[in-house]
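Just so you know, all these numbers are worked out from the coordinates, no wet-lab data involved. In this text the structure is predicted, and so the values were computed from the model without any measurement. All Cβ positions, glycine included, derive from the backbone under ideal geometry; neighbour counts span all protein chains shown.
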Amino acid sequence: MPRLGRKAAFSTLWTIMRGTRGGPPLGRRLAALPRMIWATLTGRYDGRARLAAMVLAAAYIVSPVDLVPEAVLLWFGLVDDAFVAVWLAGAVLAETERFLLWERERTRVIQANPVRR
């Protein structure tokens, strides 16, 4: 069975960063993150549960409580952080893309002019 190496991982990362998979580029997604958080907190965007899950994942990665598994279980403690970090990165990418689509649709609807008779 062929082993996927660093070249495949970097190629995938480069594809995501360039935004050639049909979605917005990484820079636009990251720039939309503060707007997405604000729209969620003010109740205009429906991403409250997803945002809460992302905050919990980030807190898990940086929490000092998580140092115990790393100290005791060595590699397993790092592997669980890696899984959570990969999930968090994917969730941020997916949710910011969803937010950008929502934002574009909302702008399109707001800017429409009614036909006067």
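Points to keep in mind about this one:
- Computed about the Cα centre, the dipole magnitude for region 28-110 is approximately 680 debye when only Lys and Arg (+1) and Asp and Glu (-1) carry charge, each at its Cβ.
- Dipole of region 28-110, positive direction: furthest Cα of 90, 75, 34, with charges on the beta-carbon: 34
- For region 28-110: Kirkwood Rh in Å [reciprocal of mean 1/r, alpha carbons]: 14.1
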